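Student: First, the structure itself, so that you have it in front of you.
Computed from the coordinates by the stated procedures, all read-outs in this text should not be read as laboratory data. Note that this is a predicted model, so its numbers are computed, not measured. Heads up, the Cβs are rebuilt from the backbone with ideal geometry, glycines too, and the neighbour counts pull from every protein chain shown.
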There are 4 protein chains.
Amino acid sequence: MEEASKNIMVIDTDCGVDDALAIMMAVSHDDWKVLCITCCYGNVNLNQVCQNVMRTLVVCGKHEVPVYKGCEKALVSNELLGSDYHSKDGFGGVASEFPTDCLQLASPEHASNVLVRLAREHRKHLVVVALGPLTNIAVAQRLDPEFTKNLKELVIMGGNINGFGNSYLAAEFNFASDPEAANILLKEAECPVTVIPLEVCHKYALDWNWLDDWRKTDTPRGYLVQKMTEHSINRARNIPGCNGLHLCDLFAMCVVVNPRVIVKKDEKCVYVELNGQLTRGMMVVERRLTHLPYVTNNVFIVMEFNKTELLKMFKKMIL
Amino acid sequence: MEEASKNIMVIDTDCGVDDALAIMMAVSHDDWKVLCITCCYGNVNLNQVCQNVMRTLVVCGKHEVPVYKGCEKALVSNELLGSDYHSKDGFGGVASEFPTDCLQLASPEHASNVLVRLAREHRKHLVVVALGPLTNIAVAQRLDPEFTKNLKELVIMGGNINGFGNSYLAAEFNFASDPEAANILLKEAECPVTVIPLEVCHKYALDWNWLDDWRKTDTPRGYLVQKMTEHSINRARNIPGCNGLHLCDLFAMCVVVNPRVIVKKDEKCVYVELNGQLTRGMMVVERRLTHLPYVTNNVFIVMEFNKTELLKMFKKMIL
Amino acid sequence: MEEASKNIMVIDTDCGVDDALAIMMAVSHDDWKVLCITCCYGNVNLNQVCQNVMRTLVVCGKHEVPVYKGCEKALVSNELLGSDYHSKDGFGGVASEFPTDCLQLASPEHASNVLVRLAREHRKHLVVVALGPLTNIAVAQRLDPEFTKNLKELVIMGGNINGFGNSYLAAEFNFASDPEAANILLKEAECPVTVIPLEVCHKYALDWNWLDDWRKTDTPRGYLVQKMTEHSINRARNIPGCNGLHLCDLFAMCVVVNPRVIVKKDEKCVYVELNGQLTRGMMVVERRLTHLPYVTNNVFIVMEFNKTELLKMFKKMIL
Amino acid sequence: MEEASKNIMVIDTDCGVDDALAIMMAVSHDDWKVLCITCCYGNVNLNQVCQNVMRTLVVCGKHEVPVYKGCEKALVSNELLGSDYHSKDGFGGVASEFPTDCLQLASPEHASNVLVRLAREHRKHLVVVALGPLTNIAVAQRLDPEFTKNLKELVIMGGNINGFGNSYLAAEFNFASDPEAANILLKEAECPVTVIPLEVCHKYALDWNWLDDWRKTDTPRGYLVQKMTEHSINRARNIPGCNGLHLCDLFAMCVVVNPRVIVKKDEKCVYVELNGQLTRGMMVVERRLTHLPYVTNNVFIVMEFNKTELLKMFKKMIL
Ligand SMILES: [Ca+2]
Ligand SMILES: [Ca+2]
Ligand SMILES: [Ca+2]
Ligand SMILES: [Ca+2]
């Protein structure tokens, strides 16, 4: 496809395993151009995130995608959750096996400035896909109040709809890592916002058998998948009642590059709780029938996926 | 059944329409003795609540059940929600048609003192059924730290499990009316606690046809049902997307007098959010598989009902 | 003085050293009758508090003053601060040297019920002097919304005016122990309320020389003072910059039995912060000139003492 | 003085009347060079702030000082206080009388980026003087975690020490406008921080007589002072109990250009309350003797001024 007619996106990520898979998905689609990848602290610290992005690009043969460094910590809170969910290196413990070659940051320009600049250059054409804490994107909004107005769409993996938490008791990791940033975007965004919430991703866990099969694919990308997912699979299989692997960021990227994976999405008015002692970072959805129709802060929440289509995409991506 | 072998309960209520139906259900079961009814502010103010309880007892021919007055407001907050959900009189707007005869408060003894006294007198035999804000019961716990230890069981209509709210955005009315009281009981109760949450009640809405049929029953109790529910039904039918009437307190009472209506109940660790700006009063359920097994603050949450059994009970109750 | 013409008070206390001195001060005034002493958790646990009250009454030869037990914990929070400020026994570590004789609780009646009862019996004549967390008194207000309306005055040792804290960073111990109870009374009280705040008490520290002299008084009460204060004095002398002993509750009692000790009191609108992460329990005083005149929630705050008068009272009390 | 040997500062301001006077003070000192002025929303909206800065520079004949635009709103909160404290135009209602000539923004570079850039260019030499909400400076810290480490000093007019508020009940305007930004800087700053708090400024109010005299100075700057302060003086004289004008930002600038005005400063550990319902934005000072010595989050708080020196500076500034 000709460059000029491609869709364009920036991926903002705290590159763990599912972020890496999401990047792989994005660069596998010829009708999309990834303008750059902006990095944010999250699963691991900022430097490790940058490294993980670069090693993913190397495996995918996409050395030309510029990588930028963003925020080291949340807008306000110090609640750096860290997490060894994706192992200490955020890359399933196999980071050292995948070199970053001579890849470097494109420039010292801060991710938030990059986002502001690209949104202005590609007014109404740029899709921002947020796969980590929303700090970089919120700072962009503070640097330029027109930032989101300049976007085509903001797609967010994050938040929850039923008060189910992964990191915290009642909040999803990305939102819990920077509740204020999430709130700024949900409240102020002047472009369409699509949210892929935690519980919906969990509903479509990849089961052990399917994973076994998938991970046998004998290609460079398949090899990365095989190695990178081993830690998470072992971890998940040891949790009683856990019936599969959750690759949330990968699902979010599928929504971007192939909207047909969405079976149902709801337009809802949502908020982020900033003050709870138990619920800080929780996404709160207005669901009272007596409050319809919603007219402010509306976002589209993906509620159901076409799992067959998803699995097909996952297989194809690593060929 | 002989008095001595009966099960015994106290009903604590903010008597609206579904509370009245719950009282009717309770006094219809010969194997249960209602020791007394304690009144709490809530749907309407405290005096109106007392009146509504009395007029319900009159219709049911149970003049002998003592009625006591409790708290006028929440333990801490001033968030008296009031609500015309059950109309201004809390009784579907028909309160004036159902006289309270010469019924009087049994004595000026405060509901919380009554609860403490009866729990001591019937150590480990008394079931307390809470159908309103939990203020009276929390004050009882402060007056006697052994109060809940002396109970057989505490059954609570209240709270929510998925952050769905009726009064507030993310909280159920009874818990939202006095979050601190709810929290005290969920945290400190030393007897088994059974919670009938909002969303589960909503799942078993009574549909318009069934209601039409039910409300034709030509008995004194049937007449009360017919008159009392009219307001709520009209209100609910006008809400787009609303597919039936929710009679939460009635469901909770069925759980007490006939545990066979429970198809599924989960033992969970729960909390109440006290500080959120959006989620104050929300019941927060620990659901992370990684946090199993739960060992503190556990309660039984009724998750599924046998609707056939419920409907049978509702029909029989008014004959 | 004839019984009938005496002023009457109830002392609500978490009996530490300065509470014991306050009780001694109260029973030393022939024109005042202490109707009873109600006990609250606080400096030490509730049972220890009751014991400390009784041993103080024994030393003072006032076996006839009834003692009642109240709340074991705060209305809402679990922030039992405990404190070895007055040593582990709350009595300067010398509790065991002062027997309680055969003193018993007057009856199992709960302190809050006692307060409600006495306020009704002595409508508009009873002064309640609060020397600990305000839990018992707040529960009384919930048991009877007319409770404070029935009082002549409520005198509270507690709160702060400049955000200076003793227990917490920015809150005074009694208020920090039960912020909600303090708030209920400051917001709902329908009788005059006089507050003796922390900073004002600290301004009138008793210096080491004066204390040395005072503690040499060779009387039974003097002996109790000598023994009981030793721990606090040793503790305070070791704090760099500390220039004397603070006996807050004793100051508060002087205000009750001899209003001439007050040189200045301000009428102010005050609140209690319930939600701060740093300031929970802080008393917040409206001081903006632009908000004058204050018309709601007004209390009298004692701002300046006549120290000469105070010291004279302290000396006389132990003769 | 030679350019190279001058001290250098950036002024970050929400230019109201006292900010304008502070700017005048800064540019009056030949041993200081004002590298630029960065603008922040606050007393008035961002555009008005920029205009007010420019008209002040014009009166002072300092057209060459670059002016940059920063944030339009707080990092997180929406609590845009606005205020007509300095009248609607933030300039005492006389803005229109003082043209901005053809002054323009130096470039569209965002204030926070400018701050980051200058701090890097003048490592350890730049003093930032913050006279408004701290949003621009906090965003700079997020754009570059080394930002404050690169500064020589951060001087902040803002915060309070005794819970006295001007805008809010218990918080000072600049901190209350963006509590999170204030907190970020007080917690994270790696350079010396000097705070000039509200109550200390208020202690040195300029009395009416002195002001009358001052405002008669017949110079261009004197004329600006005369016109600009009239609104505030009239306002203040009508507040019962108000005994003079408070020119907080001007005092803060004196601290920068002439440290001899400081008679007493304390090194303290401070925090900002982010969560209170009454105290949000309050600066909380650790003052418990038992917590000495302070070792974290220390700042220097100016506690006493040499008023004679201050008044001398004020007179000289407008000659
Ligand atoms: Ca991620
Ligand atoms: Ca009810
Ligand atoms: Ca005390
Ligand atoms: Ca200013």
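Student: Which is farthest toward the positive dipole end of region D:76-159 among D:Pro99, D:Met157, D:Leu143, measuring Cα position about the Cα centre, with Cβ charges +1 (Lys, Arg) and -1 (Asp, Glu)?
Tutor: The Cα lying farthest towards the positive end belongs to D:Leu143.
Student: Another question, if that's okay. Going by average Cβ density within 10 Å per residue, which order do the peptides B:197-210, B:275-288, B:120-133, C:112-125 take, highest to lowest?
Tutor: B:275-288, B:120-133, C:112-125, B:197-210
Student: Give, as a single signed number, the net charge of other residues whose beta carbon lies under 15 Å from the beta carbon of A:Ile301, with Lys and Arg counted +1 and Asp and Glu -1.
Tutor: Residues close to A:Ile301 contribute a combined charge of -2.
Student: Could you size up the charge dipole of region C:229-319 around its Cα centre, putting +1 on the beta carbon of Lys and Arg and -1 on that of Asp and Glu, and report it in debye to the nearest 20?
Tutor: 280 debye
Student: Give me a single rounded figure for B:84-90: the average over its residues of other chain Cβ atoms within 10 Å of their Cβ.
Tutor: Averaged over the peptide's residues, the number is 0.
Student: Now a separate question. Which one, A:Ala252, A:Val302, A:Phe314, projects farthest toward the positive side of the charge dipole computed for region A:247-319 from Cβ point charges (K/R +1, D/E -1)?
Tutor: The residue sitting most towards the positive pole is A:Phe314.
Student: Per-residue mean of other chain beta-carbon atoms within 10 angstrom of the beta-carbon, peptide C:284-293?
Tutor: Across the residues of C:284-293, the mean count of other-chain Cβ atoms within 10 Å is 6.
Student: Mind ranking C:136-142, B:211-217 by how tightly packed they are, going by the mean number of other C-beta atoms within 10 angstrom, highest first?
Tutor: C:136-142, B:211-217
Student: How big is the dipole moment of the protein assembly as shown about its Cα centre under a simple scheme where the beta carbon of each Lys and Arg is +1, that of each Asp and Glu is -1, and everything else is neutral? Debye, nearest 20, please.
Tutor: Dipole size: approximately 0 debye.
Student: Tell me the distances, shortest first, between B:Arg123 and the same position across the other copies, using label points 7 Å along Cα→Cβ, in nm to one decimal.
Tutor: 4.0, 7.7, 8.1
Student: Quote the relative contact order of chain B in percent (integer), defining contacts as alpha-carbon pairs under 8 Å separated by 6+ residues.
Tutor: 19 percent
Student: Calculate for chain A the 222 nm mean residue ellipticity that helices alone would give, adding -39,500 (n - 2.57) per DSSP H run of length 4 or more and normalising by residue count, nearest 500 deg cm²/dmol.
Tutor: Mean residue ellipticity at 222 nm (helix-derived): -10500 deg cm²/dmol.
Student: Right, something else. Sort D:85-91, A:105-111, A:166-172 for me by packing, meaning the mean count of neighbouring Cβ atoms within 10 Å per residue, highest on top.
Tutor: Result, highest mean Cβ count within 10 Å first: A:166-172, D:85-91, A:105-111.
Student: Based on Cβ point charges of +1 for Lys and Arg and -1 for Asp and Glu, what charge dipole magnitude is obtained for chain B about its Cα centre, in debye rounded to the nearest 20?
Tutor: Magnitude of the dipole: close to 440 debye.
Student: In nm, what does the list of distances from C:Lys62 to its counterparts in the other copies look like, shortest first, when each label sits 7 Å along Cα to Cβ?
Tutor: Distances between equivalent label points, in nm: 5.0, 6.8, 8.1.
Student: Enter the Cα centre distance for the pair region C:175-211 and region C:29-103, rounded to the nearest angstrom.
Tutor: 18 Å
Student: Now for a separate question. How about C:Lys62: which lysines have a C-alpha closer than 20 Å to its C-alpha, ignoring those fewer than 8 places off in the same chain?
Tutor: By straight Cα distance, C:Lys62 reaches C:Lys6, C:Lys33, C:Lys227, C:Lys315, C:Lys316.
Student: Now a separate question. What average count of beta carbons from other chains do you get within 10 Å of the Cβ of residues in D:236-243?
Tutor: Going residue by residue through D:236-243 and averaging, the value is 2.
Student: Taking the Cβ of B:Glu188 as the center, what net charge do the other residues with Cβ under 12 Å away carry, scoring Lys and Arg +1 and Asp and Glu -1?
Tutor: Result for the local shell: -1.
Student: Find, among the residues of chain A, the one whose Cβ sits nearest the axis of the rotation taking A to C; state the distance in whole Å.
Tutor: Taking the axis that maps A onto C, the answer comes out as A:Asn275, 4.
Student: Just grab the label-to-label distance for A:Trp208 and D:Glu64, each label 7 Å out from Cα along the Cβ direction, in nm (one decimal).
Tutor: In this crude spin-label approximation the distance works out to 7.7 nm.
Student: Measuring nothing but label to label, 7 Å from Cα along Cα→Cβ, what are B:Pro259's distances to the other copies in nm, shortest first?
Tutor: Taking the point 7 Å beyond Cα along Cα→Cβ, the inter-copy spacings are 5.3, 6.2, 7.6 nm.
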